[in-house]
Amino acid sequence: MNGIQTKTSENIFSQFSFRGALFQLLLIFLGIAFLFFITLMKAEVAESFGFEPLLYVYTIFVTTFQLSRLIAAMFYENSYRGSVLATSANGWDAGKNPATSGKNGEFEPNVTFVIPCKNEEKEIAEAITNCFRADYPKEKIEVIAVNDGSTDGTGEIMKGMLKKHENLLVIDWSENKGKKHAMNEGFRLAKGEIVVQLDSDSFIDPATFKKIIEPFRNPVIGAVSAHTDPRNADRNFLTKMQAAYYFMSFRVLKAAESSFLTVFCCSGCASAYRKSLVLPLLDEWMEETFLGNPVPWGDDRALTSRVLKAGYRTIYSNKVKAETIVPENLRQLINQQIRWKKSWLVNAFYNARFIWKTQPFVAFTYFFPLVGVTYLSPIMAGRALFYLPILKGIFPYFHVAGVLLLAAIFLAYYRSVAPENKYWIYYFPWALFNLFFLSFLTIYALLRINDRGWGTR
Amino acid sequence: MAEFNLKMIKIFFVLVIAMFILAMVSGMDILRREKIKGWKKIGMEVDFFRHKQALAARKSENLAPPPNDSNTAGSIPVLLYHGILTGKNWEEDGTNISLEEFREQMFALKEAGYQTVTLAEFFEYMKKGKALPEKSFMLTFDDGRKDSYYEGDPVLKSVGYSAVMFLITGRSLGDQHRGDNFYLGKSELQDMIKSKRWEIQSHGDFDHNWEQVDSSGSKGHFMSNLLWLASENRMETPGEAKNRILKDLASSKIKIEKELGQKTFAYAYPFNDLGQESVNFPESQQFIRDNIGSIYPLTFMQVDPGEPAGNQPDANALHAKRIDVSSEISPADLLKILERNEEKKLPYEDFFWDNRGWKASWGEMKIWGDLTLYKTEEKGGNLSTLLGASSWKNYSVTSLAEISGGNSISQIVRYKNDENYARCNFGKNGIYVFQRVGGNETLLAEKAGGFSILDGLENRLSTGIIGDRIMCYLNGNLLLETQISQALSSGGIGFYFWDESPEKVMIRVKKVNVSAL
């Protein structure tokens, strides 16, 4: 125990190193230089109207908010090592309890994978096998596969695998109940202390699997989200854009949330939960309603919200690599985005009620500003893209340039943390796609919030 | 340890964000106004030297002799400018002027010997007839735009001129409106006053706004309309409108006096609307006319470049006139406008070898050794008058005229403007005296009978005017004498005809003599 403490202390000091700070400072100054250009442009725009105080406050607010995400993301590594791993109050008795300890005294609890699936006969065998392939003691891995009323051969394939894997549990439902029910069942039947929830089309890289367990040795950590990239990224332009968008939303935006140990959505693709804390939350989670109706989408976000409400912390780990399949055509993508936005809206209401009590810092520096930006940005985008050009004949050069500049600042960081990621350039079209189209979907999602359909997948 | 680390991150995070906000707010602020003034000041100094050099380089060209101080000005023209623009892509808009044109105009005025007067001098001149040197004029700018100061001031400094800025106080002063990157702010205005090159006066507080004037959303001028009160879903009553207008006029004055310490007594009408452009409150014109004097003893209206533009002492005058100058007027044209408006002294003799100030209000006029007048429409006529003669009182005018086609010609006297003058009408069927006061024409006297006005023959026409007595002579014979309105106490000369027949009419005036009586 002593040894571990010394080691982690070193880690902290290495985090506050001069070189590291200098590099970050450099990035920040770069940001300020960009900012100066942005303000210059805004001023240029303002010249033709005179000074508008509201617009001025909005500009400062939004730009600050966006950049605050980048700054927060810069603290991610430091937070992971210094705030997650370096804890004196370990959640396990190293070496004393053989159930949670490995051979060398590291943290090694039992793990249960829960894989809900429906009509995935092509993927399911590989998905299950991949779990057992994880770089982790075999006897500590359990897999629960839930056949959620498949009409194809999924159930048969699952059952066929029972012979090969003694730690596989198959739950076979003849009727479709939904992913949430499958997860609920998985949590209740799981033997492992940590439950890893996987989409049937998602994989966790076996070599990095250990890292999703590592944070749980800190007793305040309730859930860990893996880093997820699209497996079908090279399929077409749309998937390439999503690859850049995924990387940005995980490695920058989730990492930023993670710096304060408060990730608001542990991705449904691949996330791990501490079972002991989730079990008491399951009933309330299952009965989730909004405006009197059950909420069929966004189970991952809803569960994360409840973990946070219970007083636990949630983080993102860039060290666990997961892959998933992303929509390959526009219609699927739009449907997915609408579901996500609806789920965001529903959970924003849910979170707003407790987050200011449990996490006041995060609530006021991030959560409430985010709510503000989410509602304001489509309005301001509408003003810049439609109102001004059509009614005043002012083309939104500066608004678009500002959005691209901000994307460029984010990409500077993206490139610095992942120079090998080749999709970065697609973040520019994504930013425009978001500006001209997706941001307005928020309004649509809000108006159609009572349409609880799934949309075509 | 972990908690400490998290706390450190929060502290660092907040510090960096604070840095960002500071950087942005100060960046905006710098761009928005005052802090960048230092840089702009340096730029203005550089501009001043540039202008000064450009002026020196021109000096070799012909320079007018300095005006003789003993000659006093017969009238004072006032020039009006708005913005001074430097952008390459700026196109002539009828309101603003390019820096280049503005500088050329100022240099041309300087070289022709013109000198600016201050507002106080102008006021003394207008109200008490204070003597000012000839070739005096006053320079004014409307709206309080940043570009008129930053671009204009170095030019003014290089030629030693001063100017009056009519400020929209609602956009430059007050708690919420402290100027922006278009309108001047308080500290700039203070600098302007300190330089002694600028005087700040009122162009209204909020009356330069367009306001909703009915329930359907039509817009109209603040000063001359009843406004739509959206919150109460009704029209303003005339009483409320009057209160609002007076309040605005007063608040503008108070803002300038309080915040800039500048005595405010002059007002320039926004949009040059004295009430005549009212949509739903024509009464406003009379109301403004009756009340504005108690707040602003000196007000300014605009005239078109062709109209009489000289201002002459008149304690009762409601408005002083300003010439609206834009890039459309070349420096040479501007000098011509001023020269033609220069007050002419009696006796006056004109052989029409060049235009010394004649202009046609309607019809067509040509000066080529004689003054030729035509009508431009079949049913039409001609009204041509001499600028810079509005102070003439008792005089007789004699002209040699030749009439081809048409039935008559009128000799105009005591011409103030197109709505106020008297005329002797010499016709084939008789001689008449008409007067026009406030646009209403009345026949005062007539003498019927065939007179010897024949086509193609030279006729000597004379009109004498002493006090309110008008006398019409044809070829030396007094034919008609009567009295005209007291309202036409002074004014210049001109010619008039009206013809409804399809035939072509051409009148050639070969010579005009005016002598004092």
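The values are calculated or read from the model by the stated rules, or taken from the named source; none is laboratory data. Fair warning: this is a prediction, and the values are worked out from it, not measured in the lab. Cβ sites come from the backbone with ideal geometry, for glycine too, and all protein chains shown count toward neighbours. SASA here: full protein model, heavy atoms, side chains in, ligands and nucleic acids out. Shrake-Rupley method; radii C 1.70, N 1.55, O 1.52, S 1.80 Å.
Listed values, structure above:
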| quantity | calculated |
| --- | --- |
| Given B:Lys52/B:Lys336; A:Lys179/A:Lys211; B:Lys88/B:Lys196; B:Lys52/B:Lys128; B:Lys321/B:Lys504; A:Lys392/B:Lys41, the pairs whose alpha carbons are separated by over 28 Å | B:Lys88/B:Lys196; B:Lys52/B:Lys128; B:Lys321/B:Lys504; A:Lys392/B:Lys41 |
| 14 Å beta-carbon shell around A:Lys240, net charge (K/R +1, D/E -1) | 0 |
| Per-residue average of Cβ from other chains inside 10 Å of B:11-19 | 5 |
| Mean Cβ count within 10 Å, highest first, over the residues of peptides A:164-177, A:296-309, A:364-377 | A:296-309, A:364-377, A:164-177 |
| Cα gyration tensor category, rounded, prolate or oblate, for the protein assembly as shown with a/c compared to 1.5 | prolate |
| Accessible area, probe 1.4 Å, largest first, for residues A:Lys321, B:Lys428, B:Lys375 | A:Lys321, B:Lys428, B:Lys375 |
| Three-way shape call for segment A:77-361 based on the alpha-carbon gyration tensor, with the a/c threshold at 1.5 | rounded |
| Coarse-grained scattering of segment B:348-516 at q = 0.08, 0.19, 0.20 Å⁻¹, given as base-10 log I(q)/I(0) from a Debye sum over alpha-carbon atoms | -0.20, -1.29, -1.45 |
| Neighbourhood net charge (13 Å Cβ-Cβ; Lys/Arg +1, Asp/Glu -1) for B:Ser224 | -3 |
| Exercise: per-residue mean of other protein chain Cβ atoms within 10 Å, B:180-190 | 2 |
| Residue-normalised accessible area of chain B, given per residue in Å² at a 1.4 Å probe | 44 |
| Angle in degrees between helix B:331-341 and the longest Cα principal axis of chain B, rounded to the nearest 10 | 50 |
| Residue order for A:Val114, A:Val220 - accessible surface, 1.4 angstrom probe, largest first | A:Val220, A:Val114 |
| Structure-based [θ]222 nm, the protein assembly as shown - -39500 (n - 2.57) summed over DSSP H runs of at least 4, per residue, nearest 500 | -12000 deg cm²/dmol |
| Listed pairs B:Lys253/B:Lys344; B:Lys40/B:Lys130; A:Lys177/A:Lys342 exceeding 27 Å between Cα atoms | B:Lys253/B:Lys344; B:Lys40/B:Lys130 |
| Cα centre as origin, Lys/Arg/Asp/Glu Cβ charges: the protein assembly as shown dipole, Debye | 2960 |
| Extreme residue, positive dipole direction of segment B:248-376, given options B:Gln262, B:Pro308, B:Asn341 (C-beta unit charges) | B:Gln262 |
| Nearby lysines by direct alpha-carbon distance to A:Lys163 (threshold 17 angstrom, same-chain neighbours under 8 apart not counted) | A:Lys138 |
| Interface B:A - total buried accessible surface [probe 1.4 Å, Å², rounded to 100] | 3000 |
| Assigned charges on the beta-carbon of Lys, Arg, Asp, Glu; chain B dipole about Cα centre (debye) | 1440 |
| Crossing angle, helix B:238-260 versus chain B [Cα axis fit, 0-90 degrees, rounded to tens] | 60 |
| Globularity index of chain B, i.e. its alpha-carbon radius of gyration over 2.2 N^0.38 Å | 1.20 |
| Loop-resident sites, segment B:270-303, for chymotrypsin sites (Phe, Trp or Tyr not before Pro), counting at most 10 other Cβ within 10 Å (DSSP) | none |
| Accessible surface of segment A:77-361, 1.4 Å probe, proportion on carbon and sulfur as whole % | 51 |
| Eligible aspartates and glutamates near B:Lys375 by straight Cα distance, threshold 19 Å, same-chain separation 8 or greater | B:Glu364, B:Glu402, B:Asp418, B:Asp455, B:Asp499, B:Glu500, B:Glu503 |
| Mean Cβ neighbour count within 10 Å, used as a protection proxy, ranking A:282-295, B:92-105 highest first | B:92-105, A:282-295 |
| Burial order of peptide ranges A:265-275, B:141-151, B:44-54, B:390-400 (average beta-carbon count within 10 Å, highest first) | A:265-275, B:141-151, B:390-400, B:44-54 |
| Cα gyration tensor, segment A:273-353 - rounded (a/c under 1.5), prolate or oblate | oblate |
| Inter-chain Cβ neighbour average for residues A:70-83, partner chain, 10 Å | 4 |
